[in-house]
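Each value in this text was obtained by applying a stated rule to the coordinates, not by laboratory testing. If you're wondering where the values come from, they're calculated on a predicted model, not measured in any experiment.
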Amino acid sequence: KQDIVLFFAGCGCQEAGVSIVMGPDGRPAGEAYVTFEGPGADIRQALAKDRMMLGNRYVELFFSSKDEKDRRMMTGTIMI
């Protein structure tokens, strides 16, 4: 989570707003839901990071909704 927060520094991302998707084996699946909120939220700056690298991981950004995240949580595949 901290790596994601640092990647989106200055965009309004806080650790509490990062939810990592877990695979069936209990390991991170390489996906996360990230909430950008508060007075420092800068969605344009966050979207400018689309297709960049986070360490050795390629980052693709997609818009999502709270409902989509909540549905994913019900399946037990998200680490809060």
Net length gained if the chain between R44 and T75 were fully extended (0.36 nm per residue, minus Cα distance): 8.1 nm
Calculated P(r) tail over 21 Å for the chain, as whole % of Cα pairs: 25
Stokes-Einstein D for the range 29-71, Kirkwood Rh over Cα pairs, 20 °C, 1.002 mPa s (µm²/s): 181
CD proxy at 222 nm, helix term only [per DSSP H run n ≥ 4: -39500 (n - 2.57); per residue of the chain; nearest 500]: -6000 deg cm²/dmol
